[in-house]
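Asks: Dumping the structure here so I can ask a few things about it.
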Number of protein chains: 4
Amino acid sequence: MSSGHHRLLWSDPEIGSFFAQDAEVEGFLRFEAALAKAQAECGLIRVEAAKSIADACESFRVDIERLRAGITRDGMIVPDLVGQLRETLPALHQESLHFRSTSQDVIDTINMMAFKSAAALISGRLNQIVAQLDRLDRTSGSVPQMARTRMQRALPLTLSARVSAWCAPLQRHLHRVAELESRVFVLQLGGPIGTEDSPWAKSMADLLGLGVPARSWHTARDLPSELASWATMISGSLGKIGLDIAMMAQNEVGEVKIEGGGKSSAMHHKSNPVDAELLISIARYSACLVSGIHHAELHEQERSGSAWALEWMILPDLLEVTGAATLHCLNLLKRSTFMAGTA
Amino acid sequence: MSSGHHRLLWSDPEIGSFFAQDAEVEGFLRFEAALAKAQAECGLIRVEAAKSIADACESFRVDIERLRAGITRDGMIVPDLVGQLRETLPALHQESLHFRSTSQDVIDTINMMAFKSAAALISGRLNQIVAQLDRLDRTSGSVPQMARTRMQRALPLTLSARVSAWCAPLQRHLHRVAELESRVFVLQLGGPIGTEDSPWAKSMADLLGLGVPARSWHTARDLPSELASWATMISGSLGKIGLDIAMMAQNEVGEVKIEGGGKSSAMHHKSNPVDAELLISIARYSACLVSGIHHAELHEQERSGSAWALEWMILPDLLEVTGAATLHCLNLLKRSTFMAGTA
Amino acid sequence: MSSGHHRLLWSDPEIGSFFAQDAEVEGFLRFEAALAKAQAECGLIRVEAAKSIADACESFRVDIERLRAGITRDGMIVPDLVGQLRETLPALHQESLHFRSTSQDVIDTINMMAFKSAAALISGRLNQIVAQLDRLDRTSGSVPQMARTRMQRALPLTLSARVSAWCAPLQRHLHRVAELESRVFVLQLGGPIGTEDSPWAKSMADLLGLGVPARSWHTARDLPSELASWATMISGSLGKIGLDIAMMAQNEVGEVKIEGGGKSSAMHHKSNPVDAELLISIARYSACLVSGIHHAELHEQERSGSAWALEWMILPDLLEVTGAATLHCLNLLKRSTFMAGTA
Amino acid sequence: MSSGHHRLLWSDPEIGSFFAQDAEVEGFLRFEAALAKAQAECGLIRVEAAKSIADACESFRVDIERLRAGITRDGMIVPDLVGQLRETLPALHQESLHFRSTSQDVIDTINMMAFKSAAALISGRLNQIVAQLDRLDRTSGSVPQMARTRMQRALPLTLSARVSAWCAPLQRHLHRVAELESRVFVLQLGGPIGTEDSPWAKSMADLLGLGVPARSWHTARDLPSELASWATMISGSLGKIGLDIAMMAQNEVGEVKIEGGGKSSAMHHKSNPVDAELLISIARYSACLVSGIHHAELHEQERSGSAWALEWMILPDLLEVTGAATLHCLNLLKRSTFMAGTA
């Protein structure tokens, strides 16, 4: 998504920050400190080691150049970050760091924390959109409009019916996210080959604000898929609102007026339904991306480097554009005035 | 999926039958009879009319050529089928047929009945696979194998760990289908523009074995999307099993032997892991198809002919290949013997 | 694509026939006869053997039940078909059948012959569409219409400008297919592991109406991908015509009237732009399917059963729906009358 | 692609720079200066105006904050950039800037210049890969290996056969890019509604290093699709090399040794085939993205804001990851030593 300044159009700065480089390193430090603390509670490592690790995490400053070399070599951040952090520890406690864990535990857990934050933000915005639609229904629900089926005039309806059709799926998305809570937003802690049975998992998960899965999900990627499907359904529902409003904003239809519409460089009389269009673009982009997340379910054996990286390439983007869609939708509804059509 | 005889490889005759031409006409008749019965109970139409419609549905014989002409003209089966059925009614009751309903109510409801049947069948097969995996764990769980991460030998594990990794997502899919039950497998009954408030909906839904949605979902296509995501996740989880077994069946790895493997036309010593490969093919095919279902969420206004037809093109196929995957998986597990590897 | 009677809406009977079961068996027989004839010319097998094989191919009657069992076991038609055909040969010539060939040579070549026929048919229809558009331009090019950018009225234009915008990509597609001719529509003849250097290839290719590739393309699947991209671009260009006409057919816009539009089961005043909508559906379906063909480029080693079957699942469908789109477009243009808009 | 530091794994800094923010503004300035120069040559604007515009472009400094506000309002960069640049011109020449052009002319032309640069870079790297494979064939072509079909040992072959199978599609991609040269890498210059017939197009295209299309391609998006298909086929062909090498690098197979393989954070004996895996990830990611470009062919009427933005979201990324794949492939081949397998 390196499309010059245009990238702004499908960015969500808050969600973007969850997946930023410093958030990733911060997530790594939270993981290692929580692992050590939970393992110390279980007596697996010494309490002083956990304390020392916590201190080291507190004061850690990453060497970016070295990290980048590590990523290029290892295909991921963890081996080098563990190495960098370990060097700051007293020799005595070095072996207690990252103990019985593995890179995938770290990365999946970091990502899941960010996913959970993103889902919470998106859900909050969905609630705002629902509230905005409720207000719209109260203030303008009786505005007469023309139902169109198959792009042809059908029968009269009121705006209220449209608002209600827009709202219903959003409310279902809010129910669905509750199901994700315990099933998807969970710790990863399987150890090198995903088989670790970790008595410290519950304590560690609590520290990180995650649930505990029945079993490590190193290669059971239905969890990312379910999240991705949820996000894509949201983009789809918001895209439908965008498409409707763009259709209603056609000059000949005139069932909505959007304040502050986009300017044209050549035709000064125009007012383009920019937010509405972007809702459509994002819905289609998401519908393509989600396919890749389903492909990424095909892990061979105990870990697929290729399927795993495919997830990294897609899921943060998918959540960010979904977030951007919620922003465009809020903006669009705020600036839209609905009215009986011109025809 | 007109690929000559090869089509057999991704067919599921049972699921295919739910979407066959006669099942479609049968579904239409069930819809109209249930609508009339429920409306008669509410006093909306006369009881004799409902009785007459029920009789007509019972004895109806479709004129296929006329239906095909109707489909070509109308883009769907309903206008002509209603016309054909109406002609068999006494003039007195003709207006009571299809009363306050619309084509989309019929087609979405027919499809949802078939979707529900398909999901039940797939769920039953998932339960069989889980049982088969449980048996495998009891009989062979202690077989030593080699974990491989990123396609490299990692550490020893037992078959039990692999079986457990295969099982966990299947069990989640069985939980998810319970959530679909009330949210997705619901009647469609919105009338011409989706705004009908139908007191007869509950009674009608009961007759058809479906739930009642909060509101008609003519343009709220998160319901088909949620179902499609569920099916695609299943294909993905089964594809992962196929990929694992294909990897384990490599001659140099030798952790599984598949009885009755596919023959080569040129190399008679070979035994090809056909079912395992097809699990992979189906997973990838599903991952592509599901994208189209998400695109189909973008209905413009009160009904999109194009988005709706896109669903018809995809969702029956997606469910059928998912069903085919369950069959291949059952067959593959039945014929696989796991062992310590050759290396 | 088992969606009951609705399947009719995206069928192309002619292209469907190229991929039908009997065409597949017929293609197999053509392959084996041509292989034997060409090898006899090179002195690789005896002339009498080739003659005997030709006779056997002429009189061959497939045992369908046995073939289906073979497909289920082998994952493809060839081992059993070779077996069935060989049994009809004198013992003396049995080893000359399918000599130094392999299943993939057969199936890829059969498919490529069908692909070439489908591309020729589609190209012929594109030429008809171009001719129809030329006529439209001559008869109605001066009809005034309103250009709309970003769904807003922009500036007046004439129908001629629209026709010209629709035509230009179609003419490029006709140029592209000429490039496919020598690059894509080629024989497959690599032998068991794709390494055969076959002096009889040229002669055999001539018999089958195909070109000769620089090297066998068992695992070089850019050839199917290039064809699939071509078909998808065509669906896209026709989908754009459909989208335009559906937009122009909106009652408030009124820039086109489509004769014999689709009926509604509930609203008798409506005339739905069925062909236009289906052009959009097919374009989006194709855009999803083509993704799978690109995934199918990832053959592992000398043949991937899973990637190969993925192609079979998609490419015949993709070509058939593209063919269906050309039919819908021809029909749509024939029935459309363009006019100055109502606004 | 905001996935923290991991983004490095699918970045191509050179291609990234073609789509960077400053390159975009620079492209805009090149466009406007060339437009003015070419129009002055044709006598459409005054020579002094063109000179003044050239000077203004030379000294232009963008106000980023203002630009970002403009993008948010207009959905694109052009209206505000034209406004900013115009303000720096003498009043006398202000109307000569951007004369008879439109935002889409600017953005499509900027992007096409960047696409052409990216394609040239990728082609150069493909040539390097072909040269590397040629060297490999000369030095190690006779290394014996085992062909595997359907993941089963088939027959012996030499490395030379594999190298040749890898090379053939790359050479076709190099032929295909020559076809793109005149058909795809062309100027956009259609004016507000795509209908401008611009005698200054040839001169302007020469200044910008592009060809001249038969007609403006505002809504004929087969051009971006053909480019996207080309890039995706390249990713696919390189992904196949990665998949092969990852399979050959399995410990039990041992047909290749990759120097400097990735480290594991938990298992110090491992050497992960990182570049090979990333080639697979990128191929699959590209195969998903290309679907969106085909969807973006569906422009409604004379310009679709939503379809157009969808292209911006995808095509720069698609080219960048394709570029990254060429880098990974070069690196992988450089570090790979092929040998007879262990089995």
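Asks: Looking only at region A:299-326, which residues are open to solvent by less than 10 Å² (accessible area, probe 1.4 Å), within 7 Å of chain B (Cβ to nearest Cβ) and either in contact with a Gly (Cβ under 6 Å, 6 or more places away or on another chain) or closer than 19 Å to D:Gly4 by Cβ (or both)?
Replies: Matches in region A:299-326: A:Gly305 only.
Asks: Looking at D:Thr337, D:Thr326, D:Thr322, can you tell me which residue is touching a strand residue (DSSP E or B) at 6+ places or on another chain (Cβ under 9 Å) and among the hydroxyl-bearing types (Ser, Thr, Tyr)?
Replies: D:Thr337
Asks: Counting only residues that are in a helix (DSSP H, G or I), open to solvent by less than 80 Å² (accessible area, probe 1.4 Å) and not aliphatic (A, V, I, L, M), how many does region D:24-54 have?
Replies: The total comes to 7.
Asks: Within region D:243-256, is even one residue free of Cβ contacts under 8 Å to residues at least 60 places away in the same chain, part of a loop (DSSP other than H, G, I, E, B) and in contact with a helix residue (DSSP H, G or I) (Cβ under 8 Å, 6 or more places away or on another chain)?
Replies: The answer is yes, given that some residue of region D:243-256 is free of Cβ contacts under 8 Å to residues at least 60 places away in the same chain, part of a loop (DSSP other than H, G, I, E, B) and in contact with a helix residue (DSSP H, G or I) (Cβ under 8 Å, 6 or more places away or on another chain).
Asks: Which count do you get for residues in region A:182-202 that are in a strand (DSSP E or B) and at positive phi?
Replies: Residues in region A:182-202 being in a strand (DSSP E or B) and at positive phi: 0 in total.
Asks: Scan region D:63-78 residue by residue and report those that are under 20 Å from D:Met313 (Cβ atoms) and not basic (Lys, Arg).
Replies: D:Leu67, D:Gly70, D:Ile71, D:Thr72, D:Asp74, D:Gly75, D:Met76, D:Ile77, D:Val78
Asks: Here's a follow-up. Name every residue in region D:1-18 that is open to solvent by less than 10 Å² (accessible area, probe 1.4 Å) and of a type in the set (A, V, I, L, M, F, W, C), in order of residue number.
Replies: Within region D:1-18, D:Met1, D:Leu9, D:Trp10, D:Ile15 qualify.
Asks: Right, here's the next one. Hey, can you tell me all the residues within region D:89-110 that are in contact with a Ser or Thr (Cβ under 9 Å, 6 or more places away or on another chain), open to solvent by 30 Å² or more (accessible area, probe 1.4 Å) and in a helix (DSSP H, G or I)?
Replies: Hit for region D:89-110 is D:Leu92, nothing else.
Asks: While we're here: What's the total number of residues in region C:121-144 that are assigned to a helix (DSSP H, G or I) and either more than 30 Å from C:Val184 (Cβ to Cβ) or among the hydroxyl-bearing types (Ser, Thr, Tyr) (or both)?
Replies: 7
Asks: Still on this structure: Only residues that are of a type outside the set (Gly, Ala, Ser), crowded, with 17+ Cβ neighbours inside 10 Å, facing chain B (nearest Cβ under 9 Å) and out of contact with any strand residue (DSSP E or B) (no Cβ under 7 Å at 6 or more places or on another chain): list them for region A:172-200, please.
Replies: Listed by number, the residues that qualify are A:Arg172, A:His173, A:Arg176, A:Arg183.
Asks: Right, something else. Only one of these is at pLDDT 95 or above and farther than 26 Å from A:Thr232 by Cβ: A:Ala118, A:Ala201, A:Ala131, A:Ala168. Name it.
Replies: Exactly one of A:Ala118, A:Ala201, A:Ala131, A:Ala168 is at pLDDT 95 or above and farther than 26 Å from A:Thr232 by Cβ, namely A:Ala201.
Asks: May I pose another question? On the basis of being more than 8 Å from every other protein chain (Cβ to nearest Cβ) and either open to solvent by less than 20 Å² (accessible area, probe 1.4 Å) or of a type in the set (Val, Ile, Thr) (or both), does D:Ile245 make the cut?
Replies: Numbers: more than 8 Å from every other protein chain (Cβ to nearest Cβ): yes; either open to solvent by less than 20 Å² (accessible area, probe 1.4 Å) or of a type in the set (Val, Ile, Thr) (or both): yes.
Yes.
Asks: Next up: Scan B:Ala205, B:Ala147, B:Ala118 and give me the residue that is in a helix (DSSP H, G or I) and either touching a strand residue (DSSP E or B) at 6+ places or on another chain (Cβ under 8 Å) or among the acidic types (Asp, Glu) (or both).
Replies: On the way: B:Ala147 fails: in a helix (DSSP H, G or I); B:Ala118 fails: either touching a strand residue (DSSP E or B) at 6+ places or on another chain (Cβ under 8 Å) or among the acidic types (Asp, Glu) (or both).
Criteria check complete, one pass: B:Ala205.
Asks: A:Gly209: over 23 Å from the mean Cα position of the chain (by Cα), more than 7 Å from chain B (Cβ to nearest Cβ), touching a residue at least 40 places away in the same chain (Cβ under 8 Å) and surrounded by fewer than 24 Cβ atoms within 10 Å (Cβ to Cβ), yes or no?
Replies: Taking the combined requirement at face value, the residue does not satisfy it.
Asks: Does any residue in region D:102-123 that is within 21 Å of A:Met267 (Cα to Cα) come within less than 7 Å, Cβ to Cβ, of a residue that is of a type in the set (Val, Ile, Thr) six or more places away or on a different chain, and which pairs are these?
Replies: As it stands, the answer is D:Ser103/D:Val78; D:Val106/D:Val78; D:Ile107/D:Val78, since those pairs meet every condition given.
Asks: Additional query: Is one or more of the residues making up region C:214-222 among the polar types (S, T, N, Q), modelled with pLDDT of 95 or more, open to solvent by less than 20 Å² (accessible area, probe 1.4 Å) and within 24 Å of D:Gly292 (Cα to Cα)?
Replies: Looking through region C:214-222, none of the residues is among the polar types (S, T, N, Q), modelled with pLDDT of 95 or more, open to solvent by less than 20 Å² (accessible area, probe 1.4 Å) and within 24 Å of D:Gly292 (Cα to Cα).
Asks: I've got another one for you. Scan region B:131-149 residue by residue and report those that are open to solvent by less than 30 Å² (accessible area, probe 1.4 Å) and free of Cβ contacts under 8 Å to residues at least 60 places away in the same chain.
Replies: Result: B:Gly141, B:Ala147, B:Thr149.
Asks: Does region B:181-194 hold any residues that are at pLDDT 95 or above and under 27 Å from B:Ser235 (Cβ atoms), and which are they?
Replies: Listed by number, the residues that qualify are B:Arg183, B:Val184, B:Phe185, B:Val186, B:Gln188.
Asks: State yes or no: is C:Ile15 in contact with a Gly (Cβ under 7 Å, 6 or more places away or on another chain), among the β-branched types (Val, Ile, Thr) and in contact (Cβ under 8 Å) with a residue 40 or more places away in the chain?
Replies: Values: in contact with a Gly (Cβ under 7 Å, 6 or more places away or on another chain): yes; among the β-branched types (Val, Ile, Thr): yes; in contact (Cβ under 8 Å) with a residue 40 or more places away in the chain: yes.
The answer is yes for C:Ile15.
Asks: If you go through region D:146-171, how many residues are of a type outside the set (D, E, K, R), within 22 Å of D:Ala249 (Cβ to Cβ) and more than 7 Å from chain C (Cβ to nearest Cβ)?
Replies: At the first step, the residues of region D:146-171 found to be of a type outside the set (D, E, K, R) are D:146-147, D:149, D:151-152, D:154-161, D:163-171.
This time we only want the ones that are within 22 Å of D:Ala249 (Cβ to Cβ), so: D:146-147, D:149, D:151-152, D:154-161, D:163-167, D:169-170.
Still in the running and more than 7 Å from chain C (Cβ to nearest Cβ): D:146, D:152, D:156, D:158-160, D:163, D:166-167, D:170.
Of the residues in that region, 10 qualify.
One line per residue, one yes/no per condition, for (1) within 20 Å of C:His295 (Cβ to Cβ); (2) within 16 Å of the chain's Cα centre (by Cα); (3) among the basic types (Lys, Arg); (4) modelled with pLDDT of 95 or more:
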residue	(1), (2), (3), (4)
D:His299	no, no, no, yes
D:Glu302	no, no, no, yes
D:Trp308	no, no, no, yes
D:Pro316	no, yes, no, yes
D:Ala324	yes, yes, no, yes
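Residue by residue, here is whether (1) out of contact with any Leu (no Cβ under 9 Å at 6 or more places or on another chain); (2) within 13 Å of D:Gly305 (Cβ to Cβ); (3) among the polar types (S, T, N, Q) holds:
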| site | (1), (2), (3) |
| --- | --- |
| A:Ser229 | yes, no, yes |
| A:Leu243 | no, yes, no |
| A:Asn251 | yes, no, yes |
| A:Gly254 | yes, no, no |
| A:Ile258 | no, yes, no |
| A:Lys270 | yes, yes, no |
| A:Asp275 | no, yes, no |
| A:Ser281 | no, yes, yes |
| A:Ser286 | no, no, yes |
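Asks: Still on this structure, I have one more. Would you mind stating whether C:Leu330 is touching a His at 6+ places or on another chain (Cβ under 7 Å), within 30 Å of C:Thr139 (Cβ to Cβ) and either within 12 Å of chain D (Cβ to nearest Cβ) or in contact (Cβ under 8 Å) with a residue 40 or more places away in the chain (or both)?
Replies: no
Asks: Suppose we filter D:Arg86, D:Arg66, D:Arg73, D:Arg61 for residues that are in a loop (DSSP other than H, G, I, E, B) and open to solvent by 20 Å² or more (accessible area, probe 1.4 Å); which single one remains?
Replies: Among D:Arg86, D:Arg66, D:Arg73, D:Arg61, only D:Arg61 is in a loop (DSSP other than H, G, I, E, B) and open to solvent by 20 Å² or more (accessible area, probe 1.4 Å).
Asks: From the set of residues in region B:257-295 that are part of a helix (DSSP H, G or I) and charged (D, E, K, R), which is farthest from the other protein chains (Cβ to nearest Cβ)?
Replies: Selected residue: B:Asp275.
The values are calculated or read from the model by the stated rules, or taken from the named source; none is laboratory data. Every value quoted in this text rests on a predicted model; they were computed, and no experiment measured them. A quick note on method: Cβ atoms are made from the backbone with ideal geometry, for glycine too, and the neighbour counts reach across all protein chains shown. Side chains are part of the model used for accessible areas, which takes the heavy atoms of the whole protein and leaves out ligands, DNA and RNA. Shrake-Rupley method; radii C 1.70, N 1.55, O 1.52, S 1.80 Å.
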